[in-house]
Amino acid sequence: MLESNLADLLKGKVKAMLGITGTEKLSSTSDDIWSTYFTLRREFPDWLEEFYEMAGMGAQIPRKLYLKLGINTRSKLVDLLRESEYRLYSGAGDSSGKDQLRRVLLMSRPINGKLILMAARYYAEKIKQAMLLCQSVTQFSEVGSLRREELWHDDLDFLVATQEPDRTTTWIKNLPFLYSGSKVRRRGRVKQLQLIHYSGVPIHFYIVSPAEYPFYLQFLTGPKEHNEELQARCPDYGSERFITKISEEREVYERAGVAYVEPPIRARGIEAGVPTGRLITREDIKGDLHLHSNWSDGLDGVLQMAEQGQSMGYQYMGVCDHSPLHASAGGISHDKLEEQIEFIRKCQNKVRIRLLAGCEVDIREDGSLDRPLSLLEKLDLVVASIHYPYSQDKETITKRIIRALDTGLVDILAHPTGKKSFGGPPSYHVDMEAVFKAAVRNETAVEINCFPDRDDLSAELASLARKMQVKLVINTDAHHRGQMDFMWLGVSTARRAGLTSNDVLNTRDFESFWVELKKRRLKRHHRLE
Ligand SMILES: [Zn+2]
Ligand SMILES: [Zn+2]
């Protein structure tokens, strides 16, 4: 049973490596699949396999790169991607997924020893799928930084409950995502399996009995300081008697006499205050307000994006292509935007999802907006942001953004700090407290941008925004349909910031959102009169 389940799991990989597509069948016994897999693993570099999986695009592109173009080392691939990136941005690119490959290359391995959330979550999901096939596992959860949804991960931690630790250990050691070689350690009552994931990140499996599982779910989620706080309130915490009495994670908090703390905010400390109400979740999001189409530098058409939004269960979405100043991103002229507004109105007849005709207008060097007032007033949604120049000093950039907000024309301030986690242009320095004040004064919502290599807003700033009564929105800034899936990344940031659905405007149903948007515009209007 065990072997055949794992063989099923490997079948997809083997098919991908052999370039077998669609419904074509692999006619092999499970023994054959095992040996084919390991032969192929030796032949194909491991990073190539990562690409099949992470880019979610099947084997065709990496296979072609490897077999036809002779791209057989990582550095050759980096060179190729640099070149293709140039072509992509100079307008000669295509939608074959090269841009996606570039991102995957950057993110699939640890950066400064840490794996970024997007890759960590991706790998964790694969591990979870494989563990759910294991018959001897009764409960399974990610713990540690993964469960706390942190942005960076030193390692990936999992908790496993089983009555058959030996059988489960064998299963784990045979998982296909791991380098061979594993260490077993005992940490108190817990058996810890230490392995290395093929991304190079350490993986730890903690194996406990089903009775111990609820306590260890809390304990291993950490962080250490949080557990110490609990221990200070409940001296019995962690004792054998305590562990076996806990039948649900929440009970740990009940016994410590505090309200339950959701994992993403455990690092903030119990004293820091738990928000009233549950943290926002991905399911709370009703629309995505910052999307690009092929009118500027997006890869998909408005209708394709709309259909995707609809299939994701959204009620509304904002089409916000670039303005002329951002020429390298295909910023569209004012005339072209007039045309696009008409086009979006026509598209509306073909889809249920409410399409908001918007634009991402550049904030010019002097703080003015890169679109005339007459045009901005025609739009359903005005999203403003800085793309360049980034080189101004902190005071100048801060004034520049505030001046843009004080025009009273901006509904949403997008990627406000310009911060990138890695790669891309260096971020500018900005006094966000002053910007948040201007946002409140102008009824402007501030964006948590979901792009995986941005950290903008960071959880710390999103939390400050909440304290200062700034309304937030969570947007993907997607440049094709696939990127609309990044929504969960921004939601994770919001969760670490302790946000509830009340703090985020695009959790509202369309009617309520639309009324709020109009109300905010009206207030701005009155203020400026
Ligand atoms: Zn932008
Ligand atoms: Zn954008």
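Things worth noting here:
- Pairs over the 28 Å Cα-Cα cut-off, from the set K420/K518; K114/K419; K191/K245; K346/K523; K224/K286; K350/K471: K420/K518; K346/K523; K224/K286; K350/K471.
- Within the shell defined by Cβ-Cβ distances under 13 Å, the residues around Y314 carry a net charge of 0, with Lys and Arg each +1 and Asp and Glu each -1.
- Region 119-267 - accessible surface per residue (Å², probe 1.4 Å): 42 Å²
- For the set D485, D288, solvent exposure ranked by accessible area (probe 1.4 Å, protein chains only) runs largest to smallest as D485, D288.
- Hull volume in cubic angstrom per residue (convex hull over the Cα atoms of region 212-284): 95 Å³
- Shape category assigned to region 282-371 from the gyration tensor of Cα positions, a/c cut at 1.5: prolate
- Sequence-ordered 3J(HN,Hα) estimates for region 131-137 from the Karplus curve with 6.51, -1.76 and 1.60 and θ = phi - 60° stand at 6, 5, 7, 7, 5, 8, 8 Hz, glycine and proline given as x.
- Distance in nm between pseudo-label sites at L303 and R282 (7 Å out along the Cβ direction from Cα): 2.9 nm
- Loop-located GluC sites (Glu not before Pro) in region 190-297 (DSSP state other than H, G, I, E, B) with a sparse environment of at most 10 neighbouring Cβ atoms within 10 Å: E271.
- One chain, two ends: K394 and D154. Fully extended at 0.36 nm per residue, the span grows by 83.2 nm beyond their Cα-Cα distance.
- Relative counts (whole %) of C-alpha pair distances in region 285-528, using bins that are 5 Å wide: 1, 7, 15, 20, 22, 19, 11, 4, 1, 0
- Convex hull projection area averaged over all views, region 115-222, Cα basis, nm²: 5.9 nm²
- The string of couplings for region 349-361 from the Karplus curve (6.51, -1.76, 1.60, θ = phi - 60°) is 5, 9, 9, 7, 4, 6, 9, 9, 7, x, 7, 9, 8 Hz, one whole number per residue in order, with x for Gly and Pro.
- Hz values of 3J(HN,Hα) by residue in region 313-320 - Karplus curve (6.51, -1.76, 1.60), Gly and Pro given as x: x, 6, 9, 7, 8, x, 8, 10
- Heavy-atom SASA rank of H226, H334 (probe 1.4 Å, accessible area, largest first): H334, H226
- Region 225-304: trypsin sites (Lys or Arg not before Pro) falling in loop per DSSP and having at most 12 other Cβ within 10 Å: R278
- Loop-located chymotrypsin sites (Phe, Trp or Tyr not before Pro) in region 206-277, at most 11 other Cβ atoms within 10 Å (DSSP): none
- Cα gyration tensor category, rounded, prolate or oblate, for region 373-474 with a/c compared to 1.5: rounded
- Cα centroid of region 451-479 to Cα centroid of region 195-266, whole Å: 29 Å
The values are calculated or read from the model by the stated rules, or taken from the named source; none is laboratory data. All values reported here derive from a predicted model rather than from experimental measurement. Using ideal geometry, Cβ is built from the backbone for each residue, glycine included, and neighbour counts are taken over all protein chains shown. Protein only, heavy atoms only, side chains kept; ligands, DNA and RNA dropped before computing areas. Shrake-Rupley method; radii C 1.70, N 1.55, O 1.52, S 1.80 Å.
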